[in-house]
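Have a look at the structure below, then the notes.
The values are calculated or read from the model by the stated rules, or taken from the named source; none is laboratory data. Given the structure is predicted, the values throughout are model-derived calculations rather than measurements. Positions of Cβ are backbone-derived with ideal geometry, glycine not excepted, and every protein chain shown enters the neighbour counts. Quick note on the areas: whole protein, heavy atoms, side chains included, nothing else; ligands and nucleic acids left out. Shrake-Rupley method; radii C 1.70, N 1.55, O 1.52, S 1.80 Å.
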Amino acid sequence: AEVRAYVEASGHGAEAMAGVDEAYEGWKAFSATFSTDAAAMLTPQQMEPAYRAAISPLDELRDAQETLSDVLEETSVSLAADASSTADRGILLSVVATLVALAGFWMIGRRVLRSVDRMNTLQAEMARVNSMVDQSSLPTLFVSPELECLYMNDAGAAIWRRYESFMPVTVDKAIGTT
């Protein structure tokens with residue numbers, strides 16, 4: 001809140017602050033639509049793109065915050081140079097602006113770290129569930145609504161091989177076909 005108040009009052013970093021706001025809205029929209037149930041259903045082939053999509057809003061928010069920090073730091077350096085000509089008053093303003101920026105980033109950083117921690121926990125849970133499904137003795141087959149085979153564990157492949165003569169494709173070609 002202090003960083004925003006400073007940016008609005010001074011005009012320094014307004015464009016970078018707008019970038020932070022936009023990235024935060026993107027992260028907020030993603031987190032509102034994220035479903036752990038859906039994530040648990042991901043196949044190993046879908047996990048990497050899903051993970052990249054999940055951390056993308058966080059990366060964008062971090063980049064926007066770093067940009068704002070750089071802009072405010074440049075402003076702070078500029079103010080420090082002006083402060084040397086206007087003595088103590090200018091130095092005090094620079095210190096206050098830096099402290100306000102640091103306080104704001106501390107608050108924002110905590111949120112980002114909590115989100116990253118949550119994402120790491122979800123990723124570990126997804127890996128655990130995928131491992132359980134992969135190693136399960138129960139035949140498991142995931143298909144899309146269009147009946148495209150998305151995933152088959154080893155037990156499912158064994159059953160498929162047993163009845164392969166009745167199937168339209170071999171087990172090796174099953175993934176990705178309808």
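Some values worked out for this structure:
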read-out	value
Filtered residue count, the range 135-152, keeping only those that are under 19 Å from ALA39 (Cα atoms) and open to solvent by 60 Å² or more (accessible area, probe 1.4 Å)	5
Breaking point among (1) modelled with pLDDT under 80; (2) under 17 Å from the mean Cα position of the chain (by Cα), for GLU66	(1)
Residue in the range 23-33 that is modelled with pLDDT under 80, more than 30 Å from THR98 (Cβ to Cβ) and surrounded by 13 or more Cβ atoms within 10 Å (Cβ to Cβ) present	yes
Residue selected from the range 107-165 under the condition part of a helix (DSSP H, G or I) and among the polar types (S, T, N, Q), by the criterion farthest from GLN65 (Cα to Cα)	SER165
Where a residue in the range 137-151 is farther than 17 Å from VAL169 by Cβ and among the small types (Gly, Ala, Ser) and its partner, wherever it lies, is open to solvent by less than 80 Å² (accessible area, probe 1.4 Å) and modelled with pLDDT of 90 or more, with Cβ under 9 Å and at least six apart	SER137/ALA155
Contacts under 7 angstrom Cβ, first residue in the range 153-178 being open to solvent by 60 Å² or more (accessible area, probe 1.4 Å), partner of a type in the set (Asp, Glu) and part of a loop (DSSP other than H, G, I, E, B), 6 or more apart	THR178/GLU146; THR178/GLU148
Residue in the range 57-67 that is under 30 Å from VAL143 (Cα atoms), surrounded by 14 or more Cβ atoms within 10 Å (Cβ to Cβ) and not hydroxyl-bearing (Ser, Thr, Tyr) present	yes
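This table checks each residue for (1) under 18 Å from ALA5 (Cβ atoms); (2) aliphatic (A, V, I, L, M).
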position	(1), (2)
ASP88	no, no
VAL100	yes, yes
GLY104	yes, no
GLY109	no, no
LEU113	no, yes
MET119	no, yes
LEU122	no, yes
VAL129	no, yes
